[in-house]
Every structure is written in structure tokens, then in C-alpha cells.
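As C-alpha cells, the structure follows; a few thoughts come after it.
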Amino acid sequence: SSAVGPTSYLSKNIGNCYTGAVFFNLLSLVNDVAEAELLGKRVGMFSYGSGSVATLYSIRPREPTSGAFTLGRIAETTAMRARLDARIECTPEEFAEAMGMREEAYDKAPHTPAGPIEHMAAGTYYLAGIDEQHRRTYERV
């Protein structure tokens, strides 16, 4: 569990994201293990599809050539545990209602989404509307 545990926090809390899972779990590792502990270490990346295709490769985090792109900065910017802790719990009925709104709006154009945006974090982009040619417009909280 000490080798794999730090890579699985996000998947355990959000669920499978299929193709993106290998990189999602890498993000979990970057968020849960200090940069100094990862630098120079080999990280195994394994992805298995339900067919006969699988991929195995390794990466080795290294010291960046500039200070703008570091593992520590990625962890700080994404702050995955804090984001998960900030989730708003809803009842199964509230969730079903929200999914029903999405189903009703699927492939509709023009369309103006309904629903609250107060719970969204500052800086979040959200869909403001879809015009008759299916062009999307986004706004920011």
C-alpha cells in the first residue's frame, strides 16, 4: 500500500475515468508525495484496456530547467484534496434532478442552461449558452 496507495486517492474519491485514469493517478501521486521524494525515482505507468491492449512504461521526475513548472507547483495549483474536501454533498434525489436537467438539455440548440452557479469556485468556467448553430458560450464565476 505504501507504493500504490498515494496514487489511488483521487480514483477512490471520484471513480474511474477510464483512459485518463493513469494520468489522474499520477496527479494523485504528485499531490500526496513531496516533490523531493519523487525527483529521480522511477514511476511505473500501467494502463490496461478491456480488450487485448495494455501499455506499460515508466517516467522519472527530474529537476525542472525553469522554476515555472515543478511538481510542487502542480500539487499547489491543483490542490486536489482541498477541492475534494470542498465538494457539496447532495441527496440522491438532488443528484437525479441535476442529471435529469442534463438529459433534457442534451443536443438542444439554442439552449440556456438553468441551475445555480453559487456553489462554483471562483474562476470556474461554466456553460452560459448554446446558440442555434451549436456554438457554445462560456462565462466565468
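Derivation of every value follows stated rules applied to the coordinates shown; laboratory data play no part. These figures come from a predicted structure and were not determined experimentally. In this analysis, Cβ positions are derived from the backbone assuming ideal geometry, glycine residues included, and neighbour counts consider all displayed protein chains.
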Nearest-ten-degree value, helix 21-32 long axis tilted from longest Cα axis of the chain: 70
Within the stretch 34-99: Cβ-based charge dipole about Cα centre, in debye rounded to nearest 20 (Lys, Arg +1; Asp, Glu -1): 600
Volume per residue of the C-alpha convex hull in the chain, rounded to whole Å³: 189
Total charge dipole magnitude, the stretch 9-141, about the Cα centre, Cβ charges on Lys, Arg, Asp, Glu only, Debye to nearest 20: 780
Average Cα contact separation per residue, the chain, under 8 Å, 6 or more apart, as relative contact order %: 14
The stretch 14-53 and the stretch 86-141: distance between their alpha carbon centers, rounded to Å: 29
Rounded FRET efficiency, nearest 0.05, which uses the C-beta distance separating THR70 from ASN16 and R0 of 35 Å: 0.75
Given charges at Cβ of Lys, Arg, Asp, Glu: the chain dipole, positive-most of PRO61, HIS111, TYR18: PRO61
